[in-house]
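**Q** What follows is a single structure, and I will ask about it in a moment.
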Amino acid sequence: MLKLSPYCYPEVVSSTHMAEDLNKAFKKADIHTTVYAPTPCRGVDDATRKKFSKIKHFQMEEGSIDIYRFSLFREGKNPILRALRYILCNMIQYHKGKKAKTVDVVYSASTPPTQGILCGRVAYKLSKKNKRKIPYVYNLQDIFPDSLVISGMTKRGSLIWKIGRKIEDYTYSHADKIIVISEGFKRNIMAKGVAEDKIVVVSNWVDLDAVKPVERKENRLFDEFSINRNKFVVLYAGNMGEAQGTEVIIEAAKELLNYDDIQFMIFGGGSRYLDIKDRVKKEKINNVIITELLPLERVSEVYSMGDVALITCKPGMGNAGLPSKTWSIMACNTPIISSFDIDGDLSDVIRDSGAGVCVAPGNSHALAEAILEIYSESKLDKSRNVDIRGYALKTASKDACVQKYVDTIVGVLSEKQEYSF
């Protein structure tokens, strides 16, 4: 299998745990993976980047994964430079990918959106070179250009939107299978003409053996951040980009400053992280502690720390997908408040599971009121008596979801497909 990706180990992104789980599953299924990726930059320090800049090839998972690196400048916050970096990355991956040997299937995720065109073209070139069909499996985690329209970065009918739709149509038409993360995604791309039999719905998942509740008295994070264990902790952990609209958390925290026993704990990263951190310090919002994301192995401590966990988005962004951290939060049996579009997949999950409260996105007062609702219940020792973790076990267990990926890859390899040149 050939995988072309802008990010790879040791980089830390929101889906790192899924990549690691898939790597192990592909190895177990005897699927060898060849990866072409740039010098690591996201979630790594300068020393790590320097170390890996000197390593052009290394293996993982006992030789079942070959990773080939190429040099590329570090990713920054400037959107133009980031776009340029993606384009250069795609150009290099195209030239390397079309020359790859012993490839039976091409696989890619949807970040950046141009990965779809890149891998569609590479699969075509490899098919032509090998005189046999090389199928392409596309893992759709973000629907572009819909996400740009929802976030207000462009408008439907604009030049960017039209280009995005061309990219989208090309990707879907050249992919043999499209893995989507929710029924909402499936409905979206079927409305754009994608045949239902081409789509496989696989929820993002959580390793319920690795992610589990941690008793408050045993949770080291309270000591590390000097937080009284008797306080009611409102937790946010994850990306703090434009789409997440995490400023609403800070506004809600300001409304609740008079509650001495309510503590906001934020583990963040992304384009808005430093701005929000500076704002908390400048405005002396002293019921908020904000720090960088912790390593993946501490996810159980992070989500068990909260009496309630927040998931936010900008208004209109809630139909862009179900955040994968939803399942990690539920695995720790932690209630959720979603400041998210109420007609999206996340709201459906929260309502179905009884895991928490849904409020309109961007409404800081409604968010503060929802926090107080759960806070008051805790003070009165009222339990919602909902097995949140049990719902995650039934819906998003790692073994079941990972197996669907393996079955999809094996399935396209077993299909006898004619190919004309």
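**Q** Could you list, in sequence order, all residues of segment 338-349 that are more than 18 Å from ALA368 (Cα to Cα) and hydrophobic (A, V, I, L, M, F, W, C)?
**A** LEU346, VAL349
**Q** Within segment 211-234, take every residue that is assigned to a strand (DSSP E or B) and touching a Phe, Trp or Tyr at 6+ places or on another chain (Cβ under 7 Å) and give me the one that is surrounded by the fewest Cβ atoms within 10 Å (Cβ to Cβ).
**A** PHE232
**Q** Could you tell me which residue of segment 293-339 is surrounded by the most Cβ atoms within 10 Å (Cβ to Cβ), considering only residues that are in contact with a Lys or Arg (Cβ under 9 Å, 6 or more places away or on another chain) and closer than 16 Å to THR246 by Cβ?
**A** Step by step, filter segment 293-339, then rank; the result is ALA309.
**Q** Of the conditions (1) in contact with a Gly (Cβ under 9 Å, 6 or more places away or on another chain); (2) at pLDDT 95 or above; (3) surrounded by fewer than 19 Cβ atoms within 10 Å (Cβ to Cβ), SER271 fails just one. Which one is it?
**A** Condition (2) is where SER271 drops out.
**Q** So, in segment 13-41, of the ones that are out of contact with any strand residue (DSSP E or B) (no Cβ under 9 Å at 6 or more places or on another chain) and among the charged types (D, E, K, R), which residue ends up surrounded by the most Cβ atoms within 10 Å (Cβ to Cβ)?
**A** Out of the qualifying residues, it is ASP21.
**Q** Mind listing just one residue for me: the one in segment 328-350 that is at pLDDT 90 or above and not aliphatic (A, V, I, L, M) and, of those, nearest to ALA252 (Cα to Cα)?
**A** Looking at residues that are at pLDDT 90 or above and not aliphatic (A, V, I, L, M), I get SER339.
**Q** Name the single residue that is nearest to LYS98 (Cα to Cα) among those in segment 124-162 being in contact with a helix residue (DSSP H, G or I) (Cβ under 7 Å, 6 or more places away or on another chain) and basic (Lys, Arg).
**A** Per the stated criteria, the residue is LYS133.
**Q** Scan (1) in the same structural domain as ASP387 (by TED's automatic domain parsing); (2) touching a residue at least 40 places away in the same chain (Cβ under 8 Å); (3) not charged (D, E, K, R) for the single condition VAL200 breaks and write down its number.
**A** Every condition holds for VAL200 apart from (1).
**Q** Looking at the structure I just gave you, is THR34 hydroxyl-bearing (Ser, Thr, Tyr), more than 24 Å from ALA400 (Cβ to Cβ) and at pLDDT below 95?
**A** No; evaluated as a whole, the condition is false for this residue.
**Q** Within segment 361-372, can one find any residue that is among the charged types (D, E, K, R) and closer than 19 Å to ARG187 by Cβ?
**A** For segment 361-372, residues among the charged types (D, E, K, R) and closer than 19 Å to ARG187 by Cβ: absent.
**Q** Also, quick follow-up: Scanning for something farther than 30 Å from MET330 by Cβ, in a helix (DSSP H, G or I) and over 20 Å from the mean Cα position of the chain (by Cα), does segment 175-192 turn up at least one residue?
**A** No; the residues of segment 175-192 include none that is farther than 30 Å from MET330 by Cβ, in a helix (DSSP H, G or I) and over 20 Å from the mean Cα position of the chain (by Cα).
**Q** Would you mind finding the one in ASP275, ASP260 that is assigned to a helix (DSSP H, G or I) and either without any contact (Cβ under 8 Å) to a residue 60 or more places away in the chain or in contact with a strand residue (DSSP E or B) (Cβ under 9 Å, 6 or more places away or on another chain) (or both)?
**A** ASP275
**Q** Among what's in segment 160-184 and is at pLDDT 90 or above and within 19 Å of LEU322 (Cα to Cα), pick the residue that is surrounded by the fewest Cβ atoms within 10 Å (Cβ to Cβ).
**A** Per the stated criteria, the residue is ILE179.
**Q** Also, quick follow-up: All but one of (1) surrounded by 13 or more Cβ atoms within 10 Å (Cβ to Cβ); (2) out of contact with any strand residue (DSSP E or B) (no Cβ under 7 Å at 6 or more places or on another chain); (3) under 30 Å from ASP407 (Cβ atoms) hold for GLU62; state the number of the condition that does not hold.
**A** Failed condition: (1).
**Q** Still on this structure, please answer the following. Suppose we filter SER383, SER364, SER414 for residues that are in contact with a helix residue (DSSP H, G or I) (Cβ under 9 Å, 6 or more places away or on another chain) and at pLDDT 85 or above; which single one remains?
**A** SER364
**Q** Name the strands (runs of 3 or more DSSP E) wholly inside segment 1-115 in which the number of residues that are more than 30 Å from THR154 (Cβ to Cβ) and within 17 Å of the chain's Cα centre (by Cα) is 3 or more.
**A** Once the strands (runs of 3 or more DSSP E) in segment 1-115 are filtered for at least 3 residues that are more than 30 Å from THR154 (Cβ to Cβ) and within 17 Å of the chain's Cα centre (by Cα), nothing remains.
**Q** Also: Can you find a residue in segment 52-68 that is of a type outside the set (Gly, Ala, Ser), closer than 21 Å to GLU292 by Cβ and assigned by TED's automatic domain parsing to the domain that holds LYS133?
**A** Yes, segment 52-68 has at least one match.
The values are calculated or read from the model by the stated rules, or taken from the named source; none is laboratory data. This one's a predicted model, so the numbers in the text were calculated from it and none came from an experiment. In this analysis, Cβ positions are derived from the backbone assuming ideal geometry, glycine residues included, and neighbour counts consider all displayed protein chains.
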